[in-house]
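What follows is a set of notes on a single structure, which appears directly below.
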Amino acid sequence: MDAGATRIDVLSAHCDARGSLFEPLTDAQLAAQRNVHVVLTRPGEVRGNHVHREAVETTTVVGPCRVRLREGEVLRELDVPAGQAWRLTIPPGVAHAYRNTGDQVMVLVSFSTRLHDPSGADTERAQIL
């Protein structure tokens, strides 16, 4: 993946009266991962606001959500509609942040190509949202 080229996929979901089900990664993507974390975010709150030096982070978010990316010097803002699941594959060097624009808890599932490092050596704060 080229530096700065965030890939965005709208995922297919099976929906019925109970809710929805989707697969956040393909089989090939899953095989490349070294870390997974689930983030629950209250309405109006922001997660992310950071950039990875080396890791590729793949995040699936269920809307409503505002996503902001800084790719090089370009800021890009996306609005994930309520009920849709979007997968963002974010290369190293791209700052990213997620705001819950709904009135319920928002779910993010993030995968990383690097193991979690509690010292934060791969992660740098980037206040973009």
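A short reminder: the numbers here are calculations on the coordinates, not readings from a lab. Since we're looking at a predicted model, the values are computed, not measured. Because the Cβ atoms are built from the backbone with ideal geometry, glycine has one as well, and the counts that use them run over all protein chains shown.
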Requested in this report: For Glu124 paired with Glu23, estimate the spin-label separation in nm (one decimal), with each label point 7 Å from Cα along the Cα-to-Cβ line.
Outcome: 3.6 nm
Query raised in the report: When the Karplus curve 6.51 cos²θ - 1.76 cosθ + 1.60 is applied with θ = phi - 60°, which whole-Hz ³J(HN,Hα) does each residue of the stretch 18-25 get, with x for Gly and Pro?
Result: 7, x, 9, 9, 8, 9, x, 9
Query raised in the report: Which cross-chain or sequence-distant (5 or more) residues have an amide H under 5 Å from the amide H of Glu71, H modelled 1.01 Å from N in plane?
Result: Arg76
**Report entry** Unit charges at the beta carbon, dipole of the chain: most positive-side option, Ala17, Thr6, Ile128
**Finding:** Ile128
Requested in this report: Can you tell me which of 65-78, 14-27 comes out highest on packing, and rank the rest after it, using the mean Cβ neighbours within 10 Å?
Outcome: 65-78, 14-27
Query raised in the report: In whole Hz, what ³J(HN,Hα) sequence does the stretch 72-86 give by Karplus (6.51, -1.76, 1.60; θ = phi - 60°), x for Gly and Pro?
Result: x, 9, 9, 8, 10, 10, 10, 10, 7, x, 3, x, 8, 10, 10
Query raised in the report: ³J(HN,Hα) across the stretch 104-109 via Karplus (A = 6.51, B = -1.76, C = 1.60, θ = phi - 60°), whole Hz, x for Gly/Pro?
Result: 10, 4, 9, 10, 10, 10
Report task. Return the calculated 222 nm mean residue ellipticity for the chain, to the nearest 500 deg cm²/dmol, obtained by summing -39500 (n - 2.57) across DSSP H runs with n ≥ 4 and dividing by the residue count. Result -> -500 deg cm²/dmol
